[in-house]
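The values are calculated or read from the model by the stated rules, or taken from the named source; none is laboratory data. Model, not experiment: these values are computed from the prediction. Glycine gets a Cβ as well: all are built from the backbone with ideal geometry, and neighbour counts include every protein chain shown. Surface areas here come from the heavy atoms of the whole protein model, side chains and all, with no ligands, DNA or RNA. Shrake-Rupley method; radii C 1.70, N 1.55, O 1.52, S 1.80 Å.
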Amino acid sequence: MESGLLKKMLRDMLLARAFEERAAQEYAQGNIAGFLHLYPGEEAVGVGVLHAAEPADYVVSTYREHVHALVRGVPARMVMAELFGRKTGCSGGLGGSMHLFDRERRFMGGYAIVGETFPIAIGIGYAIAMRELPEAVICFFGDGAVNQGTFHESLNMAALWKLPVLFVCENNHYQIGTEIHRHSAVAEVYKRACGYRIPARRVNGMDVLAVHRATEEALAQIRAGNGPQFIECETYRFRGHSMADPGSYRPKVELQAYESTEDPVKIAIAETVTAYPTAEQIAAVGSDNIASLTGSLRSGGHFPPEHLDAMQAEIAAEVEAAVHFASESPEPTLADAQAALDCNRQGEVLV
Amino acid sequence: MAEQVFYWQALNRALDAEMAVDDSVVVLGEDVGLYGGSYRVTEGLHAKYGEWRLRDMPISEGSFTGLGVGAAMVGLRPVVEIMTINFALLALDAIINMAAKIPFMSGGQFSMPLVVRMPGGVAKQLAAQHSQRLEQTLMNVPGLRIAVPATPQDAYWQLRQAINSDEPIVLLEHELLYFSKGELDESRQAPPMHRAQVCRQGGDLTIVTYSRMCDLALQAATQLAETGIEAEVIDLRSLRPIDWDSCVVSLEKTHRLLIVEEDSGFSGAGAEIAAGLAERCFLIMDAPPRRVAGRELPIAYNAALEAASIPRVTDVVSAAQQLCNP
Ligand SMILES: Cc1ncc(C[n+]2csc(CCOP(=O)(O)OP(=O)(O)O)c2C)c(N)n1
Ligand SMILES: [Mg+2]
C-alpha cells in the first residue's frame, strides 16, 4: 500500500480520537448538550471506508457521525461549531451533533431515527443509476438498525434495481444496552444480505487496512454496474452509547479486554516513546487498529516516531483551534431558523 | 401514606402493582428489561418477573407495537414502551390502523387492552428529530384514549387505570418530568381517568393546560397574583376525551380562556380546546380565547432557539395580562 495513504489514514484516526475525546470534555463543561454519541474504538471503520471512496460519492450516516464528516473533509472547526450550536457549524447550529450536513462534500446528513439512512441512500442511488453516473452511495448504520423494516425494504429495492449503494454495518455488538444476541436472530449481520442476493462480507473493523481493502473491492463492483454491496465491520465502542449512558451493562472484562489490548491510540503513543517495537510487542498488540498500522508503517520504514509526535501535535492544535473557533462563533438567530425553514420558498406567493 | 417520589418511580410502582396481580400484563420495549428502561421506569422488574413478562425489543417499533396489538386480541395486557414519541411515527400504523380500529371493524368482537407509553416533548437540546409532540396526530383518532399525566400521583393512577382498561390507551409522558418529584399516595382513591383537575383557584381567567406546561402555568399564576390577576389553572390530565364540564364550570366564573401548550399551535391540541370551549361558552366569554403555544418551527439544536421555540413563563404572564387588561 502506498505510504502517503497510510499516513493520511493514521492522521484521520488520530484526529478522530482527539476530536471525540475533546467533545466529551466540552460536553462535561456544558458547551455541548443533548445526545452526544462518540466514536472512540470504531475509528478504523469510518476512516478505512471513506478513504476508499471518491469525492463524488455520497455519504449517508447516523447520529454517530462526527468522524464520518471529519474524514469526508468537513473542517473540524465546522463540526465542533455545530456541536456548540453555533451559526458557523456545518448545519448552522440548527441540527447539532446528530444532524451534520455538508452538501458540497456530499455528506448527506446524520439521521437520528434508527433506520432512516437506508431509504435516503437508495433514493440517492436511484438518481445516480437513472442518470448512469459513475458515483456510489455509502450508507452507514449500526447492528441495531438491521431490525428496522426500512433495512429489509431498502435492501430489496437496492438489489432489485441494481442501485449503486454500499451498505456498511458498523457492528459494535450493542443496540444501546441490548447485546446483539439478544436483539438479532442472526447475529452475523452480513448474512442478512443473502436474502436479497447482495454480495456481503464481514471484515475486522479494528483493522483499517482490511476495511479499506474491502471497501475498494466493493466500490469497484458497484462502479462496474453490478449493483449494491454489503460490508459488515466488527468493531467496539469504548464509551457508553451516548454521554448520557455510563455503559454499565457491558461485562467489565469485555470492555477491559478491548481497552487494554486494543485501544489503538494508547498503544500508538506508548510505542512512539520507546523507539521501534519488538516483533513480540507487535504480535501482542493483536488486532488493534492504530497500533497495528503504526507497526506496519514502521516495519516498512516509512514513519519514524518523530513524525508521529509532530502529527499528534498538529492534530492537538487543530482540535484546539476548532474549539476556539466554535466558542468565538455567533449563535443563530430566530431569523436564521426561519430562513432555514423557508429556504425553498423562493418568494412564491402562497395565499 | 404519602411520600415524595420521582415521576419515573411512580410509573415503576404502577407497573409493579399491576404485574403482581395479573400475569397477563407484559411490558414490551427497547431496553426495558436488563437495562431497566431508558428513564428507569422498568428498573428492577426484569429480575422480578422474567423475560417473558418484560421483553427487550429489537429496533422494530412498527412490528413490536403491532405485536402488542395481536397479543391484546388474545387476552394479554401489553404495555408497549416506545423509547420516545419520535419513534412512534414508525408505529402509527399499529396504533391508529390496528389498535384503534380492530374493535370497531370486527363489529365489537375484540377487546384491546393495550397501553402505549411514551415520552414526548422538548427536553434539552435533543434537536429536531427528538423534540416532537404528536398529540394532535393521536387526538384525531376515534377509538384511542390519551392520558397526559403531569404529576407522579397521576402517572401512578393513570397507568394503573390504563392497564385495567380494555380500550387502547396512549400515555403521553414528558422527558423532563421523569426526574421531577411529587407526592404519591398509593392508597388514595383515583378519580375517573380522564377527569380534569383544578390545580389552582382564581377568578380572573382560566388557564387550561396539560403535561409539563402545568408547572409553567402555575409559575405564571404566582407571578400574575403579584400584579393582582388571579388565574385558575386546570390540568386537563387527558386529551381524549377532554373533560369539558370542568372547563365550563371554571369559565362560568372567569369568562376568560387562555390555553397553554408546548406543541406548535397550528391545528394542535389548543385549537381543539379553543373550539370546544367556544362552542360551549361563547356567550359567557368576555374575550376571544387565546393560545400560548410553541412556534411554527422544528426545534433547533441551539439552546437559545430551543428555549424561544416553546412557551416560557413570561409568555404566559404577558398573554394573561393582555387577556385581562386589553
Ligand atoms: C427508530 C428509533 N428507535 C429507537 C431509537 C433510540 N436509539 C438511538 S440509537 C439506538 C441504538 C442503535 O444501535 P445501533 O444501530 O447498533 O447503533 P450504535 O448506536 O451502536 O452505533 C436506539 C435504540 C432511535 N433513535 N430510533
Ligand atoms: Mg451498535
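Over the Cα atoms, compute the radius of gyration (one decimal) and Dmax (the largest Cα-Cα distance, rounded to a whole number) for region B:3-184, in Å.
Both quantities, over Cα of region B:3-184: 15.0, 46 Å.
Name the residue, out of B:Ile234, B:Ile284, B:Ile259, whose mean-square fluctuation peaks in a Gaussian network model built on chain B with Cα pairs under 10 Å.
Maximum fluctuation in the GNM of chain B, among the listed residues, is at B:Ile284.
Taking only C-alpha pairs under 8 Å that are 6+ residues apart, what is the relative contact order of chain B in percent?
Dividing the mean separation by the residue count of chain B yields 16 percent.
Give me the Å³ per residue figure for the convex hull around the C-alpha atoms of chain A.
Looking at chain A, the number lands at 149 Å³ per residue.
Collect residues whose amide H, placed 1.01 Å from N in the peptide plane, falls under 5 Å from the amide H of B:Thr206; neighbours closer than 5 in sequence don't count.
Here the answer is B:Glu232, B:Arg256, B:Leu257, B:Leu258, since their amide H atoms fall under 5 Å of that of B:Thr206.
Please give the net charge around B:Glu30, taking every other residue with its beta carbon less than 9 angstrom from that of B:Glu30, where Lys and Arg add +1 and Asp and Glu add -1.
Charge balance near B:Glu30 sits at -4.
Across 10 Å bins from 0, what is the distribution of all Cα-Cα pair distances for region B:197-324, in whole percents?
Histogramming region B:197-324 at 10 Å steps yields 14, 48, 31, 6, 0 percent.
If the viscosity is 1.567 mPa s and the temperature 4 °C, what translational diffusion coefficient in µm²/s does Stokes-Einstein give for chain B when Rh comes from Kirkwood over Cα pairs?
In µm²/s, the coefficient is 64.
From the phi angles alone, apply the Karplus equation (6.51, -1.76, 1.60; θ = phi - 60°) to region B:29-36 and give each ³J(HN,Hα) in whole Hz, x where the residue is Gly or Pro.
Residue by residue, region B:29-36 yields x, 6, 6, 7, x, 3, 6, x Hz.
How big is the antiparallel share of DSSP beta bridges in chain A, given as a percent to the nearest 5?
10 percent
Shielding of A:146-157 by partners, i.e. mean partner chain Cβ atoms within 10 Å per residue?
2
What's the local net charge at B:Gly268, with K and R +1, D and E -1, over the other residues with C-beta under 13 Å away?
-3
Need one number: buried accessible surface between chains B and A, 1.4 Å probe, both sides summed, DNA, RNA and ligands left out, in Å² to 100.
Heavy-atom accessible area buried at this interface is about 2700 Å².
Would you mind giving the average projected area, over all directions, of the Cα convex hull of the protein assembly as shown in nm² with one decimal?
Averaged projected area of the protein assembly as shown's Cα convex hull equals 33.2 nm².
Determine the shielding of peptide B:292-302 by partner chains: average, over its residues, the number of Cβ atoms on other chains within 10 angstrom of each Cβ.
6
Using a 10 angstrom cutoff on alpha carbons, build the Gaussian network for chain B and name the most mobile of B:Arg188, B:Arg312, B:Arg53.
B:Arg188
Counting every Cα pair in region A:24-167, what percent are over 19 Å apart?
51 percent
How far apart, in nanometres, would the label points at B:Val198 and A:Asp342 be if each is projected 7 angstrom from Cα along the Cα-to-Cβ direction?
So the two model labels end up 4.4 nm from each other.
If amide H atoms are built 1.01 Å from N in the plane of the peptide, which residues on other chains or at least 5 residues away come under 5 Å of the amide H of A:Ile138?
A:Tyr58, A:Val59, A:Val60, A:Leu166
At 7 Å along the Cα-to-beta-carbon direction for both A:Leu5 and B:Ala17, put a label point, then send me their distance in nm to one decimal.
According to this spin-label approximation, the distance is 6.5 nm.
If you place +1 on the Cβ of every Lys and Arg, -1 on the Cβ of every Asp and Glu, and leave all else neutral, what size is the dipole of the protein assembly as shown about its Cα centre, to the nearest 20 Debye?
Roughly 840 debye, rounded to the nearest 20.
Under unit Cβ charges (Lys, Arg +1; Asp, Glu -1), what dipole magnitude, rounded to 20 debye, does region B:3-184 have relative to its Cα centre?
I would put it at about 160 debye.
Mind ordering B:98-111, B:198-211 by average Cβ neighbours within 10 Å, highest first?
B:198-211, B:98-111
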